[in-house]
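Working notes for the structure below.
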Amino acid sequence: MKVIKTIQGLRRELQALWQKGERIGFVPTMGYFHQGHVSLMARSVRENDITVVSLFVNPVQFGPTEDLSRYPRDLRRDCAMAKAAGVAVIFIPSVKEMYPQELSTWVSVNALSEGLCGASRPGHFKGVATVVAKLLNIVQPDTMYLGAKDAQQAMVIKKMVCDLNFPARVVVCPTVRERDGLAMSSRNMYLKPDERIAAKALSGALFAAKKDILSGERNALKIISKIKKLILEETGASIEYVSCVSATDLKPVRRIKADVLIALAVRFPSARLIDNQLVILR
Ligand code: PAF
């Protein structure tokens, strides 16, 4: 596996592959890999001639009071995991390489970025969309792989790819979970042992809600208050949001008549966690 730190170096490496029309799979990441990342890499390796992974903790998607400076990092372990997954190239640019001067050009995906996490993290999705647009221009992949745990992010990026005619396919892969149901996330390492045990309540409440909807419950407010009750009973965490939104435009729904995403963000003293369930009505 090649470790490349500059845009020019990566372009030099990919040039021949672009010319030969090799299929390039791309997994954008912020590192500190877990099995969720590995599943994206493995799928890309299966479906493409070569896989490029980017590892860049993107400062412009963090708010001023967020965890940029303490975001977990372990380059050596990450490289070993990517290599074992069959990744051909890992691109690890510095902040200076990605943002050599102050940006004047930003990508904002309106509407989809506004609710859910966008409400409490203003500017977050603008930072995500901007860096992913830059990475797509740098890597020029055929297919980009994203995780369903970040459902709103995946929808924002898909919309950007469509609106700006990036010639890449976006594949959203299932959330990978711990044995007790907790969605894998690099930020889970912040959790204290008691918080980690309690955190299984998030997925438990979401799975129960999905079951209720599939059994015929159509009142979104009932679903939301049951999720909130379960989480408050089983964790000492504060709930940032629990929402039931349309799976196509992320607008809140009251009566469930079509596919919905049930999404939540919960703040434990040591970490903010998100999770979701897509409910496809049969
Ligand atoms: O999901 C992430 O790790 C990041 O938001 C992404 C897509 C790599 C952009 O920095």
- Expressed in µm² per second, the diffusion coefficient of the chain from the Stokes-Einstein equation, with Rh the Kirkwood radius over alpha carbon pairs, at 37 °C and 0.692 mPa s, is 167
- Message: Please report the spacing between the Cα centers of region 169-216 and region 11-52 in Å, no decimals.
- Response: 26
- Task: Return one number: the angle in degrees, 0 to 90 and rounded to the nearest 10, between the long axis of the Cα atoms of helix 7-20 and the longest principal axis of the Cα atoms of the chain.
- Result: 80
- Message: If I model a spin label as a point 7 Å beyond the Cα along the Cα-Cβ vector, how far apart are those points for residue 2 and residue 228 in nm?
- Response: 5.3
- Item | Virtual paramagnetic centre 7 Å along Cα→Cβ of residue 218, amide N under 18 Å, in region 253-282 | 253-261, 279-282
- Message: Tell me which trypsin sites (Lys or Arg not before Pro) from region 100-199 have a DSSP coil assignment and no more than 15 other beta carbons within 10 Å of their own.
- Response: 179
- Item | Set of region 126-154 residues, backbone N closer than 20 Å to the point 7 Å along the Cα-Cβ line of residue 18 | 130-145
- Using a ≥ b ≥ c from the Cα gyration tensor of region 202-262 (square roots of the eigenvalues), is it rounded, prolate or oblate, where a/c under 1.5 gives rounded and otherwise the larger of a/b and b/c decides, a/b for prolate? prolate
- Return the tail of the calculated pair distribution for region 1-74, meaning the percent of Cα-Cα pairs more than 13 Å apart. 72
- Query: Helix 220-234 versus the longest principal axis of the chain: what is the Cα-based angle in degrees, 0 to 90, to the nearest 10?
  - Reply: 90
- Message: Angle check, please: helix 124-139 long axis (alpha carbons) against the longest principal axis of the chain (alpha carbons), in degrees 0 to 90, nearest 10.
- Response: 30
- One can check that the equivalent ellipsoid of region 37-157, built from the alpha-carbon gyration tensor with semi-axes equal to the square roots of five times its eigenvalues, has lengths in Å, largest first, of 24, 17, 15
- Item | Overall Cα dimensions of region 114-253, principal axis frame, Å, largest first | 47, 36, 28
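Every read-out reported here was derived from the displayed coordinates using simple, explicitly stated rules and does not represent laboratory data. Being a predicted model, the structure only gives us computed values, none of them experimental. Here Cβ is always computed from backbone atoms with ideal geometry, including for glycine, and neighbour counts include all displayed protein chains.
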